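Asker: One structure follows; several queries about it will come next.
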Protein chains: 2
Amino acid sequence: MNLKNDLLLRTAKGEKVERPPVWLMRQAGRILPQYRALRGSLSGFKELVETPHLAAEVTIQPVDELNVDAAIIFSDILVIPEAMGLTYEMVEKKGPWFPKTIESISDVKKLGSGENVIGELQYVFDALAITKKELGGRVPLIGFAGAPWTIFSYMLEGSGSKTFSKARKFLYQDSIASHMLLEKITETTIAYLKQKIKSGADIVQVFDSWAGILPPHQYKEFAIPYLKKICDAIDEVPVIVFAKGAWFAAAELSELDCQVLGVDWNTKVSDLREKNNVQQVLQGNLDPCMLYASEETVRNSTLQMIADFGGKHICNLGHGVYPDTPLDNVKTFVNTVKNYKY
Amino acid sequence: MNLKNDLLLRTAKGEKVERPPVWLMRQAGRILPQYRALRGSLSGFKELVETPHLAAEVTIQPVDELNVDAAIIFSDILVIPEAMGLTYEMVEKKGPWFPKTIESISDVKKLGSGENVIGELQYVFDALAITKKELGGRVPLIGFAGAPWTIFSYMLEGSGSKTFSKARKFLYQDSIASHMLLEKITETTIAYLKQKIKSGADIVQVFDSWAGILPPHQYKEFAIPYLKKICDAIDEVPVIVFAKGAWFAAAELSELDCQVLGVDWNTKVSDLREKNNVQQVLQGNLDPCMLYASEETVRNSTLQMIADFGGKHICNLGHGVYPDTPLDNVKTFVNTVKNYKY
């Protein structure tokens, strides 16, 4: 099916475009009244993730309501550890929690990986197929996965953490088991993303949410090589890598075979383009808190951001949109981009 | 009283020294069995902070046990909001919690500030005087305070947070009240640090623990000017500014009239010295998790760090030492530095 709006894909491929495309990380979520209504009628977050027609419904909600240039499949990065044998729960107001965590190399050896385990995630592929059909080519569909280091950190830590010191300790204490686990996560992620693409994803994003917690030498050893494997393996569609907080690895990220790099709200585009000679298309990076400001400030900051990036740019926030963001300001952000002309 | 070991002060002043000095952020704390024994006999963390002879005792413990080149007064950055009228509690395993928070400009106006309120903190000054006397000039005594933005963030948020979105929202929604509050915190902090110096502090450190959560334009507007006021006001002793995660503001930090800049474990010294032409003495930045590695790795990484900095350097971790760090590895870290010769 041909896309009616392929601006995101043309931009990701580096083509000259009429304006930047725009979407928001976490656009399918609590900012939308439709989402809150549906979510309130369910037993929990995982029911929504695991029920394909519901996941498809919330994926499409922001396309209807916000008129963004892309849909991103509603899911969670932690379906990967679950498929590998480590189940998680989503605790209300607390976040993810793993009853069992990885503590040794024997735990790592017990985990499944690669194509063998992604059959567990048929519900994700079904959600993509339904979404694709229901979108009817209105906008591209983004598939996503967590980066190996970020998935690793949850599998070791068992939950979110301010320091992720358990996960980081393991890197120092058992680098063999660490690499073995990262390799297994990577194989699984590649198989998963490929199946997502077969199921309808037009582009994929890899989220390295906890990139910024590692020192540069560890990011180089334990994160970059696995991101590289993923980027090298995915040649069907463009790849976006968002390594939040990993400004120190700009040089290494710039060498990845991905078309787009995500930029968090702490990073100045000039530091990437000029100081580190980053050539990829960039995605980001309005401060999510900026959407709490006045409508006028939102509009002016959005225009300022577009000017700062100066092309080769996908408009987004520098992080997921916060749940209590005023919907009108989200719309101002989106519409400001949509009315822009290069 | 003359100091028997003034290596930290000579280094901070930019003098040529025989080896780098070494101390650890949070060295007075749970890594030491002596601390855990004393802490276990008390009702809570605040009793320790507010009882001068006990605060002095734990301040000196790491000098005895680890043989570090400095003592840092045992206290908490949140005594400042408390003196201004906003009390906090320290909840076991959760961290600080403020029963009341700042929600509007009228809340800000009600707060006390400056020299008028620091009488509330006599217990801190007493702790410094006792420590100074009991140290008998063995090593310099470090006084400290939170940076205005970090103190502000707790006063708005009421506790630690992953995003500090409440505090950041306030910056966007009421910049007048924000500046008023930051100004009040700054006045109080200056009066507080000056009294700490009169009570015996040989050098002071300002901790901007949540620097890294702000976008560059906000750090420039809401953090840098207040750090500048503090640095300009303190001319009695050297000043260390540790703006964790604020690599994006390296240029602005390099212009502060402080003698030392703290460096977190994510930051490469070459990015500061070469890309941003930072001239100050630097303090840091071993990854705290490195101290979970083998003794040999700790030793080699410490030597590598000293080589990377290449002088004008105070050895420390890139963050506070984690409570479960093996004491032997802390000693290996300290002794490796102490046995080094430039």
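Asker: What is the mean number of Cβ atoms from other protein chains located within 10 Å of the Cβ atom of each residue in peptide A:138-148, rounded to a whole number?
Answerer: Working: counts 0, 0, 0, 0, 0, 0, 0, 0, 0, 0, 0.
Counting Cβ atoms of other protein chains within 10 Å of each residue's Cβ and averaging gives 0.
Asker: With a 10 Å radius around each residue's Cβ, average the other Cβ atoms per peptide and rank A:22-29, A:41-48, highest first.
Answerer: Details: A:22-29: 23.4, A:41-48: 13.9.
Put in order of decreasing packing, that is A:22-29, A:41-48.
Asker: Taking the highest mean first, how do the peptides B:271-284, B:181-194, A:245-258 order by number of other beta carbon atoms within 10 angstrom per residue? Could you put the intermediate results ahead of the total?
Answerer: Numbers: B:271-284: 19.1, B:181-194: 23.0, A:245-258: 20.6.
Result, highest mean first: B:181-194, A:245-258, B:271-284.
Asker: Between B:Asp64 and the same site in the other copies, what are the distances in nm, shortest first, taking label points 7 Å from Cα along the C-beta direction?
Answerer: In nanometres, ordered from closest: 7.0.
Asker: Moving to a separate point now. How large is log10 of I(q)/I(0) for the range B:46-171 at q = 0.16, 0.17, 0.18, 0.21 Å⁻¹ when the intensity is taken from the Debye formula with one equal scatterer per alpha-carbon?
Answerer: -0.85, -0.92, -0.99, -1.18
Asker: Between copies, how close do the B:Lys133 label points come, placed 7 Å along Cα→Cβ, listed in nm from shortest?
Answerer: 8.3
Asker: If you don't mind, there's one more thing I want to ask. If each of B:Ser294 and B:Asn116 carries a label point 7 Å out from its Cα toward its Cβ, how far apart are those two points in nm?
Answerer: Going from the B:Ser294 label point to the B:Asn116 one covers 6.2 nm.
Asker: Expressed in whole Å with the largest first, what are the equivalent ellipsoid semi-axes of the range B:242-342 derived from the C-alpha gyration tensor as the square root of 5 times each eigenvalue? Mind dumping the intermediate values first?
Answerer: Values: eigenvalues 122, 41, 23 Å².
Working through the eigenvalues yields semi-axes of 25, 14, 11 Å.
Asker: Write down the percent of antiparallel bridges among all DSSP beta bridges whose residues are both part of the protein assembly as shown, to the nearest 5.
Answerer: That works out to approximately 15 percent antiparallel.
Asker: What three numbers, in Å, describe the spread of the alpha carbons of the range A:185-264 along their principal axes, ordered from the longest?
Answerer: 36, 22, 19
Asker: Mind putting together the pair-distance distribution for the protein assembly as shown? All Cα pairs, 10 Å bins, whole percent per bin, short to long.
Answerer: The percentages, shortest bin first, are 3, 15, 24, 26, 19, 10, 3, 0, 0.
Asker: Defining the label point at 7 Å along Cα→Cβ, can you sort the distances from B:Asp324 to the same site in each other copy, shortest first, in nm?
Answerer: Computed spacing set for this position: 3.3 nm.
Asker: Mean residue ellipticity at 222 nm from the helices of chain B, using -39,500 (n - 2.57) per DSSP H segment of n ≥ 4 over the full residue count, to the nearest 500 deg cm²/dmol?
Answerer: Details: 14 runs with 146 residues, N = 342.
Computed ellipticity for chain B at 222 nm equals -12500 deg cm²/dmol.
Asker: Whole Å is fine, so just give me how far the alpha carbon centre of the range B:286-324 lies from that of the range A:277-312.
Answerer: Taking the Cα centre of the range A:277-312 as reference, the centre of the range B:286-324 is 37 Å away.
Asker: Now for a different question. By what distance, in whole Å, do the Cα atoms of the range A:17-66 stretch along each of the three principal axes, largest value first?
Answerer: So the three principal-axis extents are 44, 19, 16 Å.
Asker: Let me confirm one metric for peptide A:288-299, namely the mean number of other chain beta-carbon atoms within 10 Å of its residues' beta-carbons.
Answerer: Details: counts 5, 15, 6, 2, 8, 5, 2, 0, 0, 2, 1, 0.
Average per residue, whole number: 4.
Asker: To one decimal place, what orientation-averaged projected area in nm² is obtained for the convex hull of the Cα set of the range A:21-254?
Answerer: Working: hull surface 48.3 nm².
Directional mean of the projected Cα hull area for the range A:21-254 stands at 12.1 nm².
Asker: Take every residue in peptide A:212-218, count the Cβ atoms of other chains within 10 Å of its Cβ, and give the average of those counts.
Answerer: On the way: counts 3, 4, 4, 13, 7, 6, 4.
What the average comes to for A:212-218 is 6.
Every number here is computed from the coordinates shown, using simple stated rules; none is lab data. Since we're looking at a predicted model, the values are computed, not measured. Every residue, glycine as well, gets a Cβ built from its backbone with ideal geometry; the counts of neighbours run over all protein chains shown.
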